[in-house]
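Below: one structure, written as C-alpha cells.
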Amino acid sequence: MSGDYDVAIVGAGPAGGNAALAAAQHGLRVLLLDEQPAAGGQVWRAKSSAILAAPATEESTAGTSLRNRLAQSSVTHLSGARVWQMSQDDGWKLEVLQGGSSETYTAKKLVLATGAREYVQPVPGWTTPGVIGLAGATALFKQNLRAPGQRTVVCGTGPLVFYVASEIRRLGGTVAAVITPNARMDWACATPALLHRPALLARGALWVADLKLAGVPIYWQHAVTGVDGDTEVTAVEFAPLSHDWTPEASRVVIRADSLCLGNGLIPQIEAAQMLGVPLTHDAHLGGWVPRAAPDGVTDVAGLYLCGDGAGIRGAEAAVHQGTLTGLRIAADMGFDTSTARDSSRALWARAARFGRAMTALSIPRAGLARLSKDDTVVCRCEGITKAGITQEITHGAGSCNAVKSGLRAGMGPCGGKFCQTAVAQIICTETGQDVAQVAPPTARPPLCPVPLDAAAGAFDYHALPIPKPAPL
Amino acid sequence: MSYDIAIIGGGIMGCATALRLAEGGMHPIVLDQGDLGQGASGVNAGTLSLQIKRVQLMPYALRGHDLWAQMGDAVGFHKSGGYTLAFNAREAELLTERQTLKAEAGAPIEFVSNAQLRRAAPNLTQNVVAASYCAEDGYANSSLTGQYYRGRLQDAGIAYRTHSPVTAIDKTTAFELATPQGTVRAKRLLLAAGAWLKPVAAMLGVDLPVQARVNTVSVTERMPPLMSSVIGHATGLLTMKQKANGTVLIGGGWQGRGTPQDGRGTVASDTLRPNLALAQYAVPSLGSARVLRSWTGFEANVPDFYPLAGALPHVAGAYVLGCVRGGYTIGPYISRLMGDFILGQEPELPLFDPGRAYTKEPT
C-alpha cells in the first residue's frame, strides 16, 4: 500500500489538473494520476522531451502554465501511471500500473477526469495506414511537432477540422482539402454562442482565413466516403451529403498520402460506469454521459466527475469544472469554499454553453451510418464487418451486450472503445430504436490491458490465500 | 394469448427446458429480465470438466458432456482433455482422494506421471507434484450461449421476450405474470432465474434458501500456443484454457463482490490477484500476457450445494430448476429431465426435490 491520500484524481488534463490544484490549496493531500509523461491531457499535451524548443501556441502556453503550477504545488503527480482497477471500502483503493509493476494507492475521495476520445465513422479503407483520427493528429502536432504526411486530406465535424488543417500548414505540410459534413448554415446557427467568446471566434476565423489565402479548398456538407491504397493512403474519395448527411451518388477523388478523419468527441465513461454511476444520453454532450452535478458530485458517495468525461464541453469548461470539483471536495472535507465555488460555477456555466454549441456541430445525423458499407470493418480488433454485425442483429441480438457476446465485437484489446458507437448506430438502423435506448455494453475491468505478472504482483505460492475447496 | 407454461429465466436451464417441453407438445414462453444467456450461462468460464464435478452429480455431468459435444461448433465446443495439478503434498493427497472417488463414479480419470505431463504440456511449471487427466474434459464458449439458444428457440417456434422482468405473479386458475410489456398468462410456471430465484419465488410467497457466489473470470489477449488442454488445480480454484483464437481464459471461482439484488457483481482486486498468480504459477510464461477483461457471474446455490429441480413447494403447477453445481455442464441434460417431469413422464435420472431439508445429502 503506497500512501494514503485525501483525494486521488484520475486524469491530469485541464479538469483533473485544476481539481488537484484547488484541493491542494486547501491543504488536502492530493494524488494526481495520468498515463502520459506530462500533465496537460490531450488538449494541452506537452511536447516530447526530445524536442528542445518549439514556438509557443495557445495550447502549449496553457499546458506549460498548468505543469508549472502543479510542480510548485503540494500535489503528488504520478506520470506514466495507468489506473487499472478501482474499488471502494471505507475509502477508495486504486491499482496503478507504472513502469511495468502495479502499486496500490488509497484515498478518501476519488475524482474521475478521464476526458474524451474521438468517434471515427468507419468508411471503406479507414484502417489503411496513413489514416489517423482528427484528435489523434493533434497529439502528433503537440508532442512531436509533426504533420501526418506530405499531402493530407482533413475531414471532420466542428471546429477541430479547421484547427487540424491550419496546424498541418503551420508545421509545413500540405492540406489537399478540408472536408466537413457541417454546412455553413450549421455554423451560422452556432454564432450566438460564438459571439460570447470573441477570442475563440477570432481564432477560428483566422484558421479559415489562412486556409482560404493558401487556396486550400473547403468542401462544406461533404464527407470522405473511401480511402484508396493498400499499404498506404494513395487517394481519398469524398461526396456531397444531403441534409441528414446521407452521401450523394457523385464522387470526387483527390490524391493524398494521409487522411485525418473524425466525427466529434465522446466522453470516456468506462471508469464511471464500472463504479455504478448512472448513465444518461445527451447528444449535445457527446452521447452517453455519467450523471454528475456541475461541482462533480455523483450518486456514488465519495466519487466526483469533471471535464469532458462528464460530457463534452471543451477545455475551458473543464478548467472551471475541475476547480469547482476540487473546491467542492474541500467543502465536503470541512473547508468553507462557497464564495470561490460561486464564481467558478458562473465561469463554468458560460464556458459550458459555448462547449455545448461546439459539440452540437458533431451530433451524428441519420445518414452518417450510410458511410459504412457492408464489407467495411467496424470492429478493428476482431476484424468484424458491418454486414456481420447487421446479421447478428437481424437474428435477434438487440443490444450492444448481445452483439458483443455473439460476435466478440468489443472483446479485443481496445475493449470496444473504437466500435461500440458504430455498433449502437447499426442496432438503431436495424431495429428502429432511438440511440438513447441502446445502452453501451457493460464495462469490464481492467481499465486498460494490464500484464498478468504485474496484476498478480510478486507472490509466494505457499502464502496465496487459497480458500477451502469446493464440496466433494 | 395463454401459454401452457411460462418460464422465468432465459439461460441454459430455461431455454433447454422450453425446447424439451415444445418437443413434448407444449407451448412455452421464455421471459428474461435482460438478453438471453447473459447471466451465469453466458459469463462462466465455459469449463466442461468431469474432474471438478460433484461425485453424486457425475451421471448427470457425463450425459451433459454428450449433449455439449452434439451442440458442437455452434457453442464453441472443444474436447481438449484436461489436467488437474497438485503443487505440494497436501494438494497431492487431496487430488488422489477426490479424483479416485470421481473415477469410481464413472468419470474416465487417470493419474499421470510427471514425464507424461511434461510431454503433453511442456509450458507447465516444473513444480507439479501430482496430476490427473481426463480425456473427456474440454470447454465451450459461454459467450455463445445466448446466440445459440436464441436460434434454437426461433427454430422451434418458441415465444421469448427479452428485457422483460417479471414484477408480480398472480395465481388464480392460471398464473398471471406482470411485465413492463404487459401481462403474460400461463397454466404452469417454471422458475429458472438462476441467482435471481429467491426474489422470483418470493413473489409466490415461497422462501427458497438460495444464495449466490460471485465467481471471477479473466481473459488475456491472444497469445502463441501455451496449453492445449484444460488446466485445473487440485482445490478446484483454478480453471484455465487457451481458446483457438489464442486468448487464455482464467477462472476458478474466486469471489468478487456484489449481490444479484444489486444487479451486478464487481471484480475485487484482492481475489483477482491471487487468481492470476495461481494461473501464472501453473504456466509461468503467462506472466507476459496482458489481461484484457475480468468479470463476475452469479452462481446460485442452496446450503447442500445440490440442485433445485422439481415441483415448487406449496404452489400447484409451479416448478423450479436451478442451483446446479456445474450447471453449465449439466444444464442441457438436467433441463431435459425437468421437461420430462413437467410433461408427466418419468425422468431418466432422479430430480432433486426443492422441498427437501437442505441439511443432509439427498438420496
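All of the numbers you see were taken from the coordinates with simple rules; none came from a lab. Here the structure is a predicted model, which is why all the values come from computation and not from measurement. Using ideal geometry, Cβ is built from the backbone for each residue, glycine included, and neighbour counts are taken over all protein chains shown.
Toward the positive end of the charge dipole of chain A, with +1 on the Cβ of Lys and Arg and -1 on the Cβ of Asp and Glu, the farthest Cα among A:153, A:454, A:298 is that of A:153. Mind checking the angle between helix B:12-23 and chain B's longest principal axis? C-alpha axes, 0 to 90 degrees, to the nearest 10. It is inclined by approximately 50 degrees. Cysteine residues of the protein assembly as shown whose Cβ has no partner cysteine Cβ closer than 4.7 Å: A:155, A:189, A:260, A:306, A:381, A:400, A:414, A:428, A:448, B:15, B:134, B:323.
The calculated 222 nm mean residue ellipticity attributable to helices in chain B amounts to -8500 deg cm²/dmol, summing -39500 (n - 2.57) over DSSP H runs of n ≥ 4 and dividing by all residues. Taking amide H positions as modeled 1.01 Å from N, with prolines and chain starts lacking one, the residues under 5 Å from residue A:219 and 5 or more places away or on another chain are A:178, A:179, A:180. Pairs of C-alpha atoms in the range A:120-263 farther apart than 23 Å represent 31 percent of all such pairs.
For the protein assembly as shown, the Cβ-based charge dipole about the Cα centre amounts to some 1160 debye (Lys, Arg positive; Asp, Glu negative; other atoms uncharged).
Please report the antiparallel percentage of the DSSP beta bridges confined to chain A, to the nearest 5. Before the final figure, lay out the partial values.
Numbers: 35 of 67 bridges.
Just about 50 percent of them are antiparallel.
Mean separation of Cα pairs under 8 Å and 6 or more residues apart, divided by the residue count, gives chain B a relative contact order of 23 percent. Sorted ascending by nearby beta carbons within 10 Å, beginning with the fewest, B:27, A:77 become B:27, A:77.
Quick one: dipole size for the range A:120-263, taken about the Cα centre, charges +1 on Lys/Arg Cβ and -1 on Asp/Glu Cβ, in debye to the nearest 20. Write out the running numbers ahead of the final one.
Details: 11 positive and 10 negative charges, 122 e Å.
Charge dipole of the range A:120-263: 580 debye, to the nearest 20.
DSSP assigns beta bridges within the protein assembly as shown; of those with both partners inside it, close to 60 percent run antiparallel.
Less than 5 angstrom separates the built amide H of residue B:247 from those of B:223, all sequence-distant by 5 or more or on a different chain. Converting phi to 3J(HN,Hα) with the Karplus coefficients 6.51, -1.76 and 1.60 and the offset θ = phi - 60°, the range A:326-336 yields x, 5, 5, 5, 4, 5, 5, 9, x, 9, 8 Hz in sequence order, with x at every glycine or proline.
Just the Cα atoms of the range B:1-123, one point each, no solvent: what log10 I(q)/I(0) does Debye give at q = 0.16 Å⁻¹? Log10 of I(q)/I(0), two decimals: -0.94. For chain B, a Gaussian network of Cα nodes joined below 10 Å ranks B:132, B:142, B:113 by mean-square fluctuation, and the top entry is B:113.
Cα centroid separation, the range A:301-375 to the range B:1-66: 46 Å.
What ratio of Cα Rg to 2.2 N^0.38 Å holds for the range A:329-472?
Numbers: Rg = 22.8 Å, N = 144, 2.2 N^0.38 = 14.5 Å.
With N residues counted in the range A:329-472, Rg over 2.2 N^0.38 Å equals 1.56.
For chain B, the average shadow cast by the Cα convex hull is 17.3 nm², which is a quarter of the hull's surface. Evaluated at q = 0.29 Å⁻¹, a Debye calculation over the C-alpha positions of the range A:372-437 (equal weights, vacuum) places log10 I(q)/I(0) at -1.41.
For chain A, the relative contact order comes to 17 percent (Cα pairs under 8 Å, sequence separation of at least 6). In sequence order, the range B:296-305 has phi-based couplings of 10, x, 8, 10, 7, 8, 10, x, 8, 6 Hz under the Karplus curve 6.51 cos²θ - 1.76 cosθ + 1.60, θ = phi - 60°, and Gly or Pro positions carry x. Of the residues A:137, A:263, A:240, the one whose Cα sits farthest towards the positive end of the charge dipole of the range A:120-263 is A:137 (charges of +1 on Lys and Arg Cβ, -1 on Asp and Glu Cβ, taken about the Cα centre). When a/c reaches 1.5 or more, the comparison of a/b and b/c decides; with that in mind, is chain A rounded, prolate or oblate per its Cα gyration tensor? Judged from the Cα gyration tensor, chain A comes out oblate (a/c at least 1.5, b/c at or above a/b).
For the protein assembly as shown, dividing the convex hull volume of the Cα atoms by the residue count gives 174 Å³ per residue.
Take the alpha carbon atoms of the range B:306-363, find their center, do the same for the range A:1-67, and report the distance between the two centers in whole angstrom. After rounding, the separation between the Cα centres reads 59 Å. Each principal axis of the Cα cloud of the range B:30-83 was taken in turn, and the coordinate range along them, longest first, works out to 35, 27, 19 Å. Candidate cross-link partners of residue A:212 among the lysines, defined by an alpha-carbon separation under 24 Å and a same-chain spacing of 8 or more, comprise A:142. With one equal scatterer per alpha carbon and no solvent term, the Debye-computed log10 I(q)/I(0) for the range A:1-119 at 0.11, 0.12, 0.18 1/Å reads -0.36, -0.42, -0.90.
In whole Å, what is the distance between the alpha-carbon centres of the range B:96-117 and the range B:197-257? Taking the Cα centre of each part, the range B:96-117 and the range B:197-257 sit 23 Å apart. Using alpha carbons only, how many degrees (0 to 90, rounded to 10) separate the axis of helix B:269-282 from the longest principal axis of chain B? In chain B, helix B:269-282 runs at an angle near 50 degrees to the longest axis. Among the trypsin sites (Lys or Arg not before Pro) in the range A:144-229, none is located in a DSSP loop while being surrounded by at most 11 other Cβ atoms within 10 Å of its own Cβ. Residues whose amide H lies under 5 Å from that of residue A:385, counting only those 5 or more places away or on a different chain, are A:378; hydrogens are built 1.01 Å from N in the peptide plane.
Taken one residue at a time, the phi angles of the range A:132-138 give Karplus couplings (6.51, -1.76, 1.60, θ = phi - 60°) of 10, x, 5, 6, x, 4, 5 Hz. Gly and Pro are set to x.
Would the range B:213-289 count as rounded, prolate or oblate if I go by the C-alpha gyration tensor, calling it rounded below 1.5 in a/c and otherwise prolate when a/b exceeds b/c, oblate otherwise? Don't skip to the end; give the middle numbers.
On the way: a/c = 2.12, a/b = 1.80, b/c = 1.18.
Prolate, since a/c reaches 1.5 and a/b exceeds b/c.
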